[in-house]
1. From the phi angles alone, apply the Karplus equation (6.51, -1.76, 1.60; θ = phi - 60°) to region 111-117 and give each ³J(HN,Hα) in whole Hz, x where the residue is Gly or Pro.
2. Counting only the heavy atoms of the protein chains, how much of His145 is accessible to a 1.4 Å probe, in Å² to the nearest 10?
3. Among rounded, prolate and oblate, which fits region 88-167 when a ≥ b ≥ c are the square roots of the eigenvalues of its C-alpha gyration tensor, a/c under 1.5 means rounded, and a/b larger than b/c means prolate?
4. Multiply the residue separation of Lys107 and Ala51 by 0.36 nm, subtract the distance between their alpha-carbon atoms, and state the gained length in nm to one decimal.
Amino acid sequence: MRAVGAAAGIALIGVAVAGCGSSTQQAAPSTTVAPKVLPSPNTIGLCGGVADADIAQQTGVGDLQRVSVNPISCAWQPSGGTDYSVVFHWFRGSSLEERRGQVTTGKPTTVQVAGQPGIEWQDTASCEVAVAFGDTDFIDWTVRHAGVGCKGVEQLAAATLKQAGQG
């Protein structure tokens with residue numbers, strides 16, 4: 001019994017002595033890094049997160065009806081029309097620079113939309129604007145309508161980026 005008591009006493013003394021010591025080293029401050037939010041259908045919103053009325057206003061194409069909808073692509077055409085007039089695409093895992101050589105509508109021009117790098121193509125009847133979205137994606141708005149200007153198409157892209165917290 002005495003041996004057990006002596007062992008317990010020695011253990012307590014060791015713990016007490018260890019607790020009394022001081023250290024000149026300070027613990028490294030912990031840093032918290034906010035996790036990067038990756039683009040997802042929840043952050044971008046259906047059809048680029050832009051209302052049909054805003055699309056009509058920005059493009060000047062009236063009486064638009066949404067005729068194709070999925071989480072990464074949507075299309076609108078005028079009532080009674082057979083060709084798409086406005087198209088939104090979200091290209092996931094695709095390079096914006098690869099897109100530069102894929103579009104044949106006019107000469108590509110480098111643009112900035114809501115602070116993000118982009119590419120714009122324009123001819124007399126269409127405008128396409130592709131803008132970087134996250135690290136590996138880009139969004140693309142295309143409008144085919146006589147006399148269309150790219151300013152409204154850039155506004156659609158900016159609205160999508162804003163909706164997703166990217167612009």
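The values are calculated or read from the model by the stated rules, or taken from the named source; none is laboratory data. All figures in this text were calculated on a predicted structure; none of them were measured in a lab. To get the accessible areas, we keep the full protein, side chains included, count just its heavy atoms, and leave off ligands, DNA and RNA. Shrake-Rupley method; radii C 1.70, N 1.55, O 1.52, S 1.80 Å.
1. 9, 10, 10, 6, x, 10, x
2. In the full protein context, His145 sits at about 70 Å².
3. Values: a/c = 1.96, a/b = 1.32, b/c = 1.48.
Since a/c reaches 1.5 but b/c is at least a/b, the shape of region 88-167 is classed as oblate.
4. Working: separation 56, 0.36 × 56 = 20.16 nm, distance 2.93 nm.
Gain on stretching Lys107 to Ala51: 17.2 nm.
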